[in-house]
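Undergrad: Have a look at this one before I ask anything.
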Amino acid sequence: MGTFNVGLKELARMWGVTERTAKREMAQMRSLGWISVERPAARGRVAQHRIEFTALLRSTAPHWDAVGPDFAARMTGAPEPAETPNVVPLHGDKVSLPPEDGSNWPRVAEILSQSDPAAYRSWFANLVPVECETEVWVLLAPSRFAASYIQTHLKDRVLMAIATIDRSVRRVEVIADGT
């Protein structure tokens, strides 16, 4: 409806300023013609102000480009400028799997990457098999944090992927580089 009823005390609280500053800013907006008093304040009642959109838009038009070219286009009714993508992908779309080395790890890595490519890129891609010939596989993680996280939260995923290829494996251990 283009009106608002808010007391100075509440305006000051919302703006994070003193009541005196709120009063001064409201007077400034009235003098610029951005707002007008629709119903004056009376005892026990706050004033009702009307927002004068025409005057407000006319005064602020020179600054619309500072908000953004899309905002300026919307405000003037002009077609929005062509959007140039400026998003830098965090990860490439292609998942890089370890090279074939005679062990089962490249096949396990492929299973893990197919089931959840994001988790594979984040957690499993940097794992290096240390021992994968016995019923206990030992994998080397690049940091203690990664080793701890995989051991705590993702070990069962790795074990299931390994069990798909080699049912004799009973346990997976993830150790940190340097331990």
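The values are calculated or read from the model by the stated rules, or taken from the named source; none is laboratory data. Note that the structure is a prediction, hence the values are computed from the model and not measured. Because the Cβ atoms are built from the backbone with ideal geometry, glycine has one as well, and the counts that use them run over all protein chains shown. We work out accessible area using only protein heavy atoms, side chains counted, and drop any ligands, DNA or RNA first. Shrake-Rupley method; radii C 1.70, N 1.55, O 1.52, S 1.80 Å.
Undergrad: Suppose we filter 78, 66, 61 for residues that are assigned to a helix (DSSP H, G or I) and open to solvent by less than 90 Å² (accessible area, probe 1.4 Å); which single one remains? Full working, then the answer.
TA: Values: 78 fails: assigned to a helix (DSSP H, G or I); 66 fails: open to solvent by less than 90 Å² (accessible area, probe 1.4 Å).
Result: 61 is the single residue among 78, 66, 61 that is assigned to a helix (DSSP H, G or I) and open to solvent by less than 90 Å² (accessible area, probe 1.4 Å).
Undergrad: Still on this model: Condition test on residue 13, is it under 30 Å from residue 163 (Cα atoms), open to solvent by 90 Å² or more (accessible area, probe 1.4 Å) and assigned to a helix (DSSP H, G or I)?
TA: Details: under 30 Å from residue 163 (Cα atoms): no; open to solvent by 90 Å² or more (accessible area, probe 1.4 Å): yes; assigned to a helix (DSSP H, G or I): yes.
It is false that residue 13 is under 30 Å from residue 163 (Cα atoms), open to solvent by 90 Å² or more (accessible area, probe 1.4 Å) and assigned to a helix (DSSP H, G or I).
Undergrad: Still on this structure, I have one more. I'm told residue 55 meets every condition in (1) of a type in the set (A, V, I, L, M); (2) over 25 Å from residue 12 (Cα atoms); (3) touching a residue at least 12 places away in the same chain (Cβ under 8 Å) except one. Can you identify the failing condition by its number?
TA: Just one mismatch for residue 55, condition (2).
Undergrad: If I go through region 1-38 residue by residue, how many of them are under 11 Å from residue 51 (Cα atoms), aromatic (Phe, Trp, Tyr) and without any contact (Cβ under 8 Å) to a residue 40 or more places away in the chain?
TA: 1
Undergrad: Which residues, taken from region 22-48, are within 21 Å of residue 60 (Cα to Cα) and part of a helix (DSSP H, G or I)?
TA: Answer for region 22-48, where residues must be within 21 Å of residue 60 (Cα to Cα) and part of a helix (DSSP H, G or I): 22, 24, 25, 26, 27, 28, 29, 30, 31, 32.
Undergrad: In the list 83, 38, which residue meets the criterion of being closer than 30 Å to residue 118 by Cα, charged (D, E, K, R) and modelled with pLDDT under 90? Don't jump to the end; show me each part of the working.
TA: Working: 38 fails: closer than 30 Å to residue 118 by Cα.
On inspection, the qualifying residue turns out to be 83.
Undergrad: Buried (at least 16 other Cβ atoms within 10 Å of the Cβ), small (Gly, Ala, Ser) and in a helix (DSSP H, G or I), is that true of residue 109?
TA: On the way: buried (at least 16 other Cβ atoms within 10 Å of the Cβ): yes; small (Gly, Ala, Ser): yes; in a helix (DSSP H, G or I): yes.
Against the criterion (buried (at least 16 other Cβ atoms within 10 Å of the Cβ), small (Gly, Ala, Ser) and in a helix (DSSP H, G or I)), residue 109 qualifies.
Undergrad: Mind checking which residues of region 165-179 are of a type in the set (A, V, I, L, M, F, W, C) and either part of a strand (DSSP E or B) or at positive phi (or both)?
TA: Within region 165-179, the subset of a type in the set (A, V, I, L, M, F, W, C) is 165, 169, 172, 174-176.
The answer is 172, 174, 175, 176.
Undergrad: Within region 126-164, restricting attention to residues that are open to solvent by 40 Å² or more (accessible area, probe 1.4 Å) and assigned to a loop (DSSP other than H, G, I, E, B), which residue is nearest to residue 99 (Cα to Cα)?
TA: The first filter runs over region 126-164 and keeps only residues open to solvent by 40 Å² or more (accessible area, probe 1.4 Å), leaving 126, 128, 130-131, 133-135, 140, 142-145, 148-149, 151-153, 155-157, 159-160, 164.
Among the residues that remain, those that are also assigned to a loop (DSSP other than H, G, I, E, B) are: 126, 133-135, 142-143.
Numbers: 126: 13, 133: 18, 134: 21, 135: 23, 142: 18, 143: 22 Å.
Selected residue: 126.
Undergrad: While we're on this one: Restricting the first residue to region 41-52 and requiring it to be closer than 12 Å to residue 3 by Cβ and in contact (Cβ under 8 Å) with a residue 12 or more places away in the chain, which pairs with a second residue that is open to solvent by 50 Å² or more (accessible area, probe 1.4 Å) and charged (D, E, K, R) meet a Cβ separation below 7 Å and a spacing of at least six or different chains?
TA: Close Cβ pairs (under 7 Å, with a partner that is open to solvent by 50 Å² or more (accessible area, probe 1.4 Å) and charged (D, E, K, R)) amount to 47/39; 48/38; 48/39; 49/38; 50/38.
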